[in-house]
Each structure stands twice: as structure tokens, then as C-alpha cells.
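Take a look at the structure below.
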Amino acid sequence: MSDLTHLDATGAAHMVDVGAKADTRREAVATGRIEMSAEAARAIRDGTALKGDVLAVARVAGIMAAKRTAELIPLCHPLPLTRVAIDLAIDETGVTATAATAGKTGVEMEALTAVSVTLLTIYDMAKAIDKAMTIGGVQLLTKTGGKSGDWAR
């Protein structure tokens, strides 16, 4: 019925069987942005936000989110992540997340989920200063490994 991998011959959603695939090293890098007032950026950078260390909490939230991606995205496989790194550059109000694993399927969704939750956490921690913050630009930058090979934006 469809060439979509998450639909069976009748059109019903299903989790793709990756059991026969070989384990390979895979990595994905995603990015996203949160725009905010200079006052909010300064409070985050200086560590003076009322809720505490925004960057530390957002970093941990992003790592936790990557680890729980299969619980959030219905047809994702749970993956044994070997590394998740959240790089925060408050001057540019950007976030980059990297997820890596040796497994049977890619980690793009983990990297995208990590970025999204990191940005949401920054918003939550600083919303008392700036409720008009804008989250956007969440996108995959690169992916390596697997049957389809490497890809870069």
C-alpha cells in the first residue's frame, strides 16, 4: 500500500523490524535557537535567574530527553546511547545537541528531542524575565553511519 517504512501493507502503523541490521557507529547533530531579551540573556549568562543555573538545568534536561525519546515518539526504537552532549552558546542564543550510539538504527530523533527539550527548559527557567522568548529553527545538521550513509545540511 505504501513505501513508508512505518506503515505495513494494509496502511497500519508499525515499528520497523531492525533485528537483521548490523550494529554500526551512528551520530546525529541537531540545533535550535531561542531568542530572548538582552535582560534574559544577561541573567542566564551571569547566573542570576531566579530559578537558578539555567544552563546546567537545561543541559541535564536535554540529556534526559535524548534518553527517553522512544517513550515520547511512538515508533522510535529505544537506543543504548553512548554519548549525549549539549552545547549551549548563550551569546548566540543557540543550542546544539549530539547523540551517538553503536546500534541498528539512527539517533536523529534523539538529537532533535534533546535540542527541543533543552530549549523548552531554558524558556521555563527564564520566563519570569521574558515571556516573549521565541523557540525555532530546530533542525538536523548532520547524521553519520547506517545503511543510508552520511548526510549534512
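The values are calculated or read from the model by the stated rules, or taken from the named source; none is laboratory data. Keep in mind that this is a model prediction, so the values were computed, not measured. Heads up, the Cβs are rebuilt from the backbone with ideal geometry, glycines too, and the neighbour counts pull from every protein chain shown. Just so you know, the surface numbers come from the protein's heavy atoms only, side chains and all, with ligands and any DNA or RNA stripped out. Shrake-Rupley method; radii C 1.70, N 1.55, O 1.52, S 1.80 Å.
Restricting segment 124-152 to residues that are out of contact with any strand residue (DSSP E or B) (no Cβ under 8 Å at 6 or more places or on another chain) and open to solvent by less than 70 Å² (accessible area, probe 1.4 Å), which is nearest to Ala99 (Cα to Cα)?
Gly149
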Of the residues in segment 112-133, how many are farther than 17 Å from Leu55 by Cβ and touching a helix residue (DSSP H, G or I) at 6+ places or on another chain (Cβ under 7 Å)?
1
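Does at least one position in segment 75-86 carry a residue that is in contact with a His (Cβ under 6 Å, 6 or more places away or on another chain), over 18 Å from Thr144 (Cβ atoms) and not polar (S, T, N, Q)?
yes
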Identify, please: which residue in segment 24-58 is among the charged types (D, E, K, R), in a helix (DSSP H, G or I) and in contact with an Asp or Glu (Cβ under 9 Å, 6 or more places away or on another chain) and is, among those, nearest to Lys143 (Cα to Cα)?
Arg45
Ala12 meets each of (1) modelled with pLDDT of 95 or more; (2) over 13 Å from Ile90 (Cβ atoms); (3) loosely packed, with under 13 Cβ neighbours inside 10 Å with one exception, condition (1)
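When the residues of segment 100-123 are narrowed to those that are out of contact with any strand residue (DSSP E or B) (no Cβ under 6 Å at 6 or more places or on another chain), open to solvent by less than 60 Å² (accessible area, probe 1.4 Å) and not in a loop (DSSP other than H, G, I, E, B), which ends up nearest to Pro80 (Cα to Cα)?
Result: Gly103.
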With the checklist (1) farther than 22 Å from Asp150 by Cβ; (2) at pLDDT below 90; (3) open to solvent by less than 40 Å² (accessible area, probe 1.4 Å) in hand, flag the one item Ala49 doesn't pass.
(2)
What do you reckon, is Ala38 under 19 Å from Thr93 (Cβ atoms), at pLDDT 90 or above, open to solvent by 60 Å² or more (accessible area, probe 1.4 Å) and hydrophobic (A, V, I, L, M, F, W, C)?
yes
Looking at segment 52-75 only, could you name the residues that are open to solvent by less than 20 Å² (accessible area, probe 1.4 Å) and over 13 Å from the mean Cα position of the chain (by Cα)?
Val54
Limited to segment 82-99, what total is found for residues that are in a strand (DSSP E or B), in contact with a helix residue (DSSP H, G or I) (Cβ under 9 Å, 6 or more places away or on another chain) and either more than 30 Å from Glu39 (Cα to Cα) or modelled with pLDDT under 80 (or both)?
1
